[in-house]
1. Across 10 Å bins from 0, what is the distribution of all Cα-Cα pair distances for the chain, in whole percents?
2. Relative contact order (percent) for region 143-229, with alpha-carbon contacts under 8 angstrom and 6 or more residues of separation?
3. Taking all pairs of distinct Cα atoms, average 1/r, flip it, and tell me the Kirkwood hydrodynamic radius of region 46-107 in Å to one decimal place.
4. For region 156-228, take the convex hull of the Cα atoms, compute a quarter of its surface area, and give me that in nm², please.
5. Net charge around residue 167, counting only other residues with Cβ within less than 10 Å of its Cβ (Lys, Arg = +1; Asp, Glu = -1)?
6. For the chain, what is the percent of antiparallel DSSP beta bridges, rounded to the nearest 5?
7. Measuring with a 1.4 Å probe in the full set of protein chains, what accessible area per residue, in whole Å², belongs to the chain?
8. Output the Kirkwood hydrodynamic radius of region 1-96, Cα pairs only, in Å rounded to one decimal.
Amino acid sequence: MKNAINNLTIKVNDIIVSYNDTGSKEAPVIIFIHGFPLNKSMWNNQLESLKDNYRAIAYDIRGHGESDLGAIDFSIDLFVNDLLGFMDVLKIKKAIICGLSMGGYITLNAIENYSDRFTAVILSDTNCTSDSLEAKEKRMNTIISIKENGVEKLAYDLLPNLFAPESFKTNSEEISAVKQMIVTTTIPSLNNSLHALANRKETCGKLASIKVPLLILVGKEDKITPPKAASAMHEKIKDSFLQVIPHAGHLSNMENEREFNKHLNNFLNDLKLI
Ligand code: MLT
């Protein structure tokens, strides 16, 4: 993993947002949105691989990485509002959008409600369903566990679900980086995000209305948002593409960056924007 790229800051709505912004300002824009409880640096390899042809941007969702927490209760709607605000402040009228997991929940909400702001979509290791009662309860238990046992225990519990078993032998650098992202996320932000995730609305009902080119990527061994969730979305979105990434779990862009970037690049090339 390479370290921060250029770590810029900008005021968006009520908070300062931290972001990496690479490539030419004239090039087509692609914005990456990270998962929970991670940060923009999970996309460093994708930014490196795209920066010669695209303006590739990754930002920290509020309360994550180096973006402010703010004083408003988190929700996916609020995160979408931040995304649109971020694009407005940077004067980006339209962008390609790529979100992983929680970033995918934000992406789906954004494309379904503000379709005129996006030219193409990449959904990675995500789904369109809302939380079941059991999943909501699990999130509330996580909040209790964080209070009682701290963030190291959270990282210990999350890592086996975020990575494929074989990644523990092959991707130790990525695993340490992700652990660091988890343990440096503040407790108020973790709690706030867990409520936002538990309360999110489903976006499956509007999938058929998505008319822009759309690529779905999923790690073959993703336990959190498995390939069958990706296939279900693929079936509902006419003309979408689905690629299953081997040797990868939930963090497919980090675990098998070569395969992930290959499919991402092929999809982007077919858009013929460059
Ligand atoms: C994520 O990676 O963003 C989370 O696993 C999403 C979730 O817990 O639903």
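The values are calculated or read from the model by the stated rules, or taken from the named source; none is laboratory data. This is a predicted model, so every value here is computed, not measured. All Cβ positions, even for glycine, are placed from backbone atoms using ideal geometry, and neighbour counts span all protein chains on display. The area values use the complete protein model at the heavy-atom level, side chains included, leaving out ligands, DNA and RNA. Shrake-Rupley method; radii C 1.70, N 1.55, O 1.52, S 1.80 Å.
1. Pair shares across the bins are 7, 32, 40, 19, 2, 0.
2. Working: 37 pairs, mean separation 30.6, N = 87.
With pairs under 8 Å counted, the relative contact order is 35 percent.
3. On the way: mean 1/r = 0.0781 Å⁻¹.
Over region 46-107, the inverse of the mean reciprocal pair distance is 12.8 Å.
4. Numbers: hull surface 27.6 nm².
Averaged projected hull area, Cα only: 6.9 nm².
5. On the way: positive: 169; negative: 166, 174, 221, 255.
Counting the neighbours of residue 167, the net charge comes to -3.
6. Numbers: 9 of 33 bridges.
Bridges in the chain that DSSP calls antiparallel: roughly 25 percent.
7. On the way: 12110 Å² over 274 residues.
Ligands and nucleic acids excluded, the result is 44 Å² per residue.
8. Values: mean 1/r = 0.0748 Å⁻¹.
This gives a value of 13.4 Å.
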